[in-house]
1. Grab the helices (runs of 4 or more DSSP H) fully contained in segment 49-132, keeping just those with 1 or more residues being more than 16 Å from the chain's Cα centre (by Cα) and surrounded by 13 or more Cβ atoms within 10 Å (Cβ to Cβ).
2. Scan (1) closer than 15 Å to residue 27 by Cα; (2) modelled with pLDDT of 95 or more for the single condition residue 86 breaks and write down its number.
C-alpha cells in the first residue's frame, strides 16, 4: 500500500513539474511574440520616416524581429508564430492610438526585449521560477 502511495505522489509531483515548465515556456514565448511585434512595428515606423541617418537602426530592428520570430518557432509551430505576431502587432498598434510616437512601446519593450531575445535562458529561468 505504501509503495502505491509513493508512486502516486511521485506522479503528481512530476505532473506539476511538467505543467510548470509548460506554463513557463508559454509565458516566455508570449513575451518573445510581443518583442517580435514590437521590433516589426518599430522597424516599419523608422522605415516610413525617410530619414537616412536612421536606416541602420531600422535594419537592426528588422534583424531583431526575425531573431525573435525564429526563437518563438522553437516553442510553437511557425504558422502559429506568424498568426500570434500579427495579433500582437494589432494590439500594440491599438495602444498607439494612431500615433507614430513609439515612446510608449519603447518604454515597455526596448530593454525587456534585449534580454528576452538575446539572453533567452535568463528570461526562461525567470518564468520557470514565477510559474512554480
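1. Details: elements: 55-72, 78-96, 103-118, 120-130.
In segment 49-132, 55-72, 78-96, 103-118 are the helices (runs of 4 or more DSSP H) which contain 1 or more residues that are more than 16 Å from the chain's Cα centre (by Cα) and surrounded by 13 or more Cβ atoms within 10 Å (Cβ to Cβ).
2. Exception for residue 86: condition (1).
The values are calculated or read from the model by the stated rules, or taken from the named source; none is laboratory data. All of these numbers come straight from a predicted model, not from anything done at the bench. Because the Cβ atoms are built from the backbone with ideal geometry, glycine has one as well, and the counts that use them run over all protein chains shown.
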